[in-house]
Amino acid sequence: MMVLTAICWLSWLVVLFFINPEETGLMGFILFYFSLFLAILGTTSILGFIIRARFNQGPVFKQVEVSFRQGIWLGMLAIGLLLLKETELLRWWNGIFLFLFLTFLEFFFLSSRKRFKGAV
């Protein structure tokens, strides 16, 4: 995961420095945001796993699963905020709404997993 995250950061840097968004159009923006999303996803997943492994004694695969899912939410938050900023729609209430929406999704996944475990 660390190697792939490093590759994602390198690919984002390549897109950032070597792709002109005015010449490539939509494809340049898609490459920029997708590579940045994957880089943020990998970084936050690794950091979340390290923190969980240090303070939690549960099974490793559960810690990886939760860290990866939360990495997705943080990546979506960062990309969402950047897209709102690019379209000049970013206001403090939009950022808070996006954060609360993703937090609600995380609580939904946490509660549905507990409910499902209790039913079995």
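The values are calculated or read from the model by the stated rules, or taken from the named source; none is laboratory data. Quick caveat: nothing in here was measured; it's all calculated off a predicted structure. Note that each Cβ is placed from the backbone with ideal geometry, even for glycine, and that neighbours are counted across all protein chains shown.
Is it the case, given these coordinates, that Val15 is modelled with pLDDT under 95, touching a Phe, Trp or Tyr at 6+ places or on another chain (Cβ under 6 Å) and not polar (S, T, N, Q)? Before you say what the answer is, go through the steps one by one.
Values: modelled with pLDDT under 95: yes; touching a Phe, Trp or Tyr at 6+ places or on another chain (Cβ under 6 Å): yes; not polar (S, T, N, Q): yes.
Yes, satisfied.
Of the residues that make up the range 19-32, is at least one in a helix (DSSP H, G or I) and either closer than 15 Å to Leu74 by Cα or touching a residue at least 24 places away in the same chain (Cβ under 8 Å) (or both)? First the steps, then the outcome.
So the first thing to find is which residues in the range 19-32 are in a helix (DSSP H, G or I), and the list is 21-24, 26-32.
Restricting the remaining residues to those that are either closer than 15 Å to Leu74 by Cα or touching a residue at least 24 places away in the same chain (Cβ under 8 Å) (or both) gives none.
Looking through the range 19-32, none of the residues is in a helix (DSSP H, G or I) and either closer than 15 Å to Leu74 by Cα or touching a residue at least 24 places away in the same chain (Cβ under 8 Å) (or both).
Run down Ile50, Ile40 and say which single residue is within 21 Å of Met2 (Cα to Cα) and touching a residue at least 12 places away in the same chain (Cβ under 8 Å). Explain how you work it out, then say what you get.
Numbers: Ile50 fails: touching a residue at least 12 places away in the same chain (Cβ under 8 Å).
Ile40 is the lone residue from the list that is within 21 Å of Met2 (Cα to Cα) and touching a residue at least 12 places away in the same chain (Cβ under 8 Å).
Select, from Thr5, Thr43, Thr24, the only residue that is over 20 Å from Leu81 (Cα atoms), surrounded by 12 or more Cβ atoms within 10 Å (Cβ to Cβ) and under 16 Å from the mean Cα position of the chain (by Cα).
Within the list Thr5, Thr43, Thr24, the selection yields Thr5.
Residues in the range 34-59 that are touching a helix residue (DSSP H, G or I) at 6+ places or on another chain (Cβ under 7 Å) and either outside any helix (DSSP H, G or I) or not basic (Lys, Arg) (or both): how many?
Applying the first criterion (touching a helix residue (DSSP H, G or I) at 6+ places or on another chain (Cβ under 7 Å)) to the range 34-59 yields 35-46, 48-49, 52-53, 56.
From what is left, the residues that are either outside any helix (DSSP H, G or I) or not basic (Lys, Arg) (or both) are 35-46, 48-49, 53, 56.
Number of matching residues: 16.
Would it be correct to say that Gln63 is in contact with a helix residue (DSSP H, G or I) (Cβ under 7 Å, 6 or more places away or on another chain), free of Cβ contacts under 8 Å to residues at least 40 places away in the same chain and farther than 22 Å from Ile7 by Cβ? Break it down stepwise before answering.
Working: in contact with a helix residue (DSSP H, G or I) (Cβ under 7 Å, 6 or more places away or on another chain): yes; free of Cβ contacts under 8 Å to residues at least 40 places away in the same chain: yes; farther than 22 Å from Ile7 by Cβ: yes.
Spelling it out, Gln63 is indeed in contact with a helix residue (DSSP H, G or I) (Cβ under 7 Å, 6 or more places away or on another chain), free of Cβ contacts under 8 Å to residues at least 40 places away in the same chain and farther than 22 Å from Ile7 by Cβ.
Do we find that Ser35 is under 15 Å from Trp9 (Cβ atoms), among the small types (Gly, Ala, Ser) and out of contact with any Gly (no Cβ under 9 Å at 6 or more places or on another chain) in this structure? Before the answer, list the steps.
On the way: under 15 Å from Trp9 (Cβ atoms): yes; among the small types (Gly, Ala, Ser): yes; out of contact with any Gly (no Cβ under 9 Å at 6 or more places or on another chain): yes.
Answer is yes for this residue.
Looking at this structure, is Thr103 surrounded by fewer than 18 Cβ atoms within 10 Å (Cβ to Cβ) and either free of Cβ contacts under 8 Å to residues at least 24 places away in the same chain or under 16 Å from the mean Cα position of the chain (by Cα) (or both)?
Details: surrounded by fewer than 18 Cβ atoms within 10 Å (Cβ to Cβ): yes; either free of Cβ contacts under 8 Å to residues at least 24 places away in the same chain or under 16 Å from the mean Cα position of the chain (by Cα) (or both): yes.
Judged against the criteria, Thr103 is a match.
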